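Asker: Can you keep this structure in mind? I'll have questions shortly.
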Amino acid sequence: MSAVLSTPKRSRTRAADHYLTFLMVVLLGYSLAGRGFAYIGAPPLFIGEVLLLSGLLVMLRIGGVFATVSSLPGTLLSILIVWVLARTLPYFGTYSFDALRDSVIVMYGLLAFVVIALLYDEPERLRRLVLAYGGFAVFFVTVMPVVYPLFQLLNAQIPTWPRYGVPFISLRPGEVGVHFAGVALFVLLGFRRLNPLHLAMLVFGMALVAAHSRGGMLAIVVPLAVALALVPRSRQLAPLLGIAAVTVIVALVLNLEIEVSSRKLSVEQLVTNVMSIMGTTDTATLDGTKQWRIMWWDKIIGYTVQGDHFWDGKGFGINLADDDGFQVVDAEDGQVLRSPHNAHMTILARAGVPGFALWVALLGSWSVFMMRAFLLARRNGDRAWARLFVFLFCYWLSIVINASFDVTLEGPMLGIWFWVLFGVGIAAGLIYRNELENRSPLPHS
């Protein structure tokens, strides 16, 4: 009798474990091949949509739906999803699948619910994810410092998907920078040690991104600074800084320059990128793109916060670049734009001020949730838990920063990573609180 009753549970467990493996494979594919990996499949079901739909089926099978909305961030996400649906479905008849494609900036958030249910159902899966990321960190820092510059130099020679003309490997600097930041965080927080060669490759990879992309540079520097402020002691900080200092000195002495697409990897280029963020430079390309962004964002604020689209936005489906008069061919992938280079402005333009307010509340509530979990773990002396919460928060923050300068959350390459980290953070917080509640109290003396 007991064997018969346990069979469905074993079946559910196997399905959830297989899905977790599938999820990790997809995340790996996005990190290594970028947009090229995203085109696996056939419209409208590409690999990201298959991941989402199969995940929802697994979630229904294992249960745990209540856990997904038991936290304030989970509740706010569910409300935001409903609002985005309300601003998407009326435009489906006009814009067809373009409306659905634009809505994934929030609708991929359903994956966060899947991840919460998956990990809360079996907390051991969280440990499995952390261990798997350790392997990913070593692999990524070994491969990407070679793959990324080769992609930039040999882009025209890379085979493309027949129907779409998209290279099998299509990497944007911000995407690569986010994952270099994640690896650096994982190492500095003590989850994985790297040998000097791997540390040098990590420094080189981060320098490549910083030279190529201002947003990518900020997505690396800011999360690392936040992590070191929260957890200042790191055994690998000194070796990492030492290698970085030696690299800069050698580059200055030898006046090294490496061509990477339209930018040069050099100390001068890094300084120029920093100056362009803080003010203006004599570089027309950097100052021009910065001014173009500001002008577009000002127009979006004008027709939402101060205009006729305050409550409803322009909806999901319309090409904002065309409608707002800021259409250009994206320099990174040769595609025409659909949305501004800022996820927050995209949501404001499409979902109106109410949608934007929900979005800001969602980001803020998740940040508070993670910081409270970190402080609780630190107060209880659970250093591993505390460092895990810092890692998840800062990795997620890296994506948020990159999404403020690029079309990031609008696609699956980092959009799915963003929502997976969102879900892992909530699940980890719930699991840790359950662990605290189940600890045996100390006996009275």
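The values are calculated or read from the model by the stated rules, or taken from the named source; none is laboratory data. All values derive from a computational prediction rather than experimental measurement. For neighbour counting, all protein chains shown are included, and Cβ atoms are generated from backbone atoms with ideal geometry for every residue, glycine included. For the accessible areas, the whole protein counts, side chains as well, though only heavy atoms, and no ligand, DNA or RNA atoms are used. Shrake-Rupley method; radii C 1.70, N 1.55, O 1.52, S 1.80 Å.
Asker: Touching a helix residue (DSSP H, G or I) at 6+ places or on another chain (Cβ under 9 Å), in a loop (DSSP other than H, G, I, E, B) and without any contact (Cβ under 8 Å) to a residue 40 or more places away in the chain - does that describe any residue in the range 290-301?
Answerer: no
Asker: Exactly one of these conditions fails for residue 439: (1) modelled with pLDDT of 95 or more; (2) of a type in the set (D, E, K, R); (3) over 15 Å from residue 73 (Cβ atoms). Give me its number.
Answerer: Result: residue 439 fails condition (1) only.
Asker: Let me ask something else. Among 186, 151, which is without any contact (Cβ under 8 Å) to a residue 40 or more places away in the chain, open to solvent by less than 60 Å² (accessible area, probe 1.4 Å) and in a helix (DSSP H, G or I)?
Answerer: 151
Asker: Within the range 90-127, restricting attention to residues that are basic (Lys, Arg) and open to solvent by 10 Å² or more (accessible area, probe 1.4 Å), which residue is farthest from residue 422 (Cα to Cα)?
Answerer: 101
Asker: Return the pair list, or none, for Cβ contacts closer than 7 Å from residues in the range 313-328 that are assigned to a loop (DSSP other than H, G, I, E, B) to residues that are polar (S, T, N, Q) and open to solvent by 60 Å² or more (accessible area, probe 1.4 Å), at least 6 apart or on different chains.
Answerer: Pairs that qualify, where the first residue is assigned to a loop (DSSP other than H, G, I, E, B) and the partner is polar (S, T, N, Q) and open to solvent by 60 Å² or more (accessible area, probe 1.4 Å), are 317/94.
Asker: With the requirement that a residue be over 17 Å from residue 13 (Cβ atoms) and either out of contact with any helix residue (DSSP H, G or I) (no Cβ under 9 Å at 6 or more places or on another chain) or open to solvent by 20 Å² or more (accessible area, probe 1.4 Å) (or both), what does the range 53-76 give you?
Answerer: The answer is 53, 56, 65, 66, 69, 70, 72, 75, 76.
Asker: Based on what the data block shows, is residue 197 open to solvent by 20 Å² or more (accessible area, probe 1.4 Å), assigned to a helix (DSSP H, G or I), closer than 21 Å to residue 408 by Cα and out of contact with any His (no Cβ under 9 Å at 6 or more places or on another chain)?
Answerer: The answer is no for residue 197.
Asker: Another question, if that's okay. Counting only residues that are crowded, with 19+ Cβ neighbours inside 10 Å and touching a residue at least 60 places away in the same chain (Cβ under 8 Å), which one in the range 130-148 is nearest to residue 191 (Cα to Cα)?
Answerer: Across the range 130-148, the extreme among qualifying residues is 136.
Asker: Turning to a different aspect of this structure: Would you mind stating whether residue 106 is assigned to a helix (DSSP H, G or I) and within 24 Å of residue 183 (Cβ to Cβ)?
Answerer: Criteria not met by residue 106.
Asker: Does residue 33 satisfy the condition of being open to solvent by less than 30 Å² (accessible area, probe 1.4 Å) and either touching a Pro at 6+ places or on another chain (Cβ under 7 Å) or on the phi < 0 side of the Ramachandran plot (or both)?
Answerer: So residue 33 passes the test.
Asker: Next up: Looking at 122, 175, can you tell me which residue is within 30 Å of residue 18 (Cα to Cα) and over 21 Å from the mean Cα position of the chain (by Cα)?
Answerer: Every option except 122 fails the conditions.
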